[in-house]
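Structure first, then comments.
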Amino acid sequence: DKLTFHNLNILDFTIDKTYKLWHDRAVFHFLTDEKDQQTYLNKLNQYLKPQGYFLLATFAPTGPKQCSELDIVQYDKDKIVQLLGGGFTLIKTTSETHPHPNGSTQDFNYFLFQKL
């Protein structure tokens, strides 16, 4: 097994393999359009192996409403579980107050799911 990084537009992502782990540090919350969110989730379902893990970090409801002057969507446990539907089991969630370079802080939520 090896680690593979992809630096591209997730909405255009295609590949001929599947993964055991999908780690999204701060992409999904920038998808404010429902169609884009659904495209992302379709890619996740397509490329994550059964029993694979989805690790997601998003801004919390107490976090900022924008990042780098871009609108974002804030997620809590209930919102992300509902969005993922029944194909994933939530294993763990945790929160973090992340220091920002400008001296402020930003509240993040982390979610670990396993695909059924």
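Taken together, the values in this text are just the output of simple stated rules run on the coordinates, not laboratory data. Because the structure is predicted, anything quoted here is derived from the model rather than measured. No Cβ is skipped: glycine too gets one built from the backbone with ideal geometry, and neighbour counts run over all protein chains shown.
Place a point 7 Å from Cα of Ser95 in the direction of its Cβ. Which residues in segment 38-77 have their backbone N less than 16 Å from it?
57-65, 74-77
If you take all C-alpha pairs in segment 1-108, what percent of them are over 25 Å apart?
23 percent
Roughly how big is the chain's charge dipole about its Cα centre, with Cβ charges of +1 (Lys, Arg) and -1 (Asp, Glu), in debye to the nearest 20? Intermediate results must be reported in sequence, preceding the final value.
Details: 12 positive and 13 negative charges, 105 e Å.
Dipole of the chain, to the nearest 20 debye: 500 debye.
With each run of n ≥ 4 DSSP H residues scored as -39500 (n - 2.57), what mean residue ellipticity at 222 nm is computed for the chain after dividing by its residue count and rounding to the nearest 500 deg cm²/dmol? List each step's numbers first, then the result.
Values: 2 runs with 22 residues, N = 116.
Mean residue ellipticity at 222 nm (helix-derived): -5500 deg cm²/dmol.
Set the Förster distance to 41 Å, then compute FRET efficiency between Asp107 and Lys2 from the Cβ-Cβ distance, nearest 0.05.
Values: r = 33 Å, r/R0 = 0.81.
Efficiency, rounded to the nearest 0.05: 0.80.
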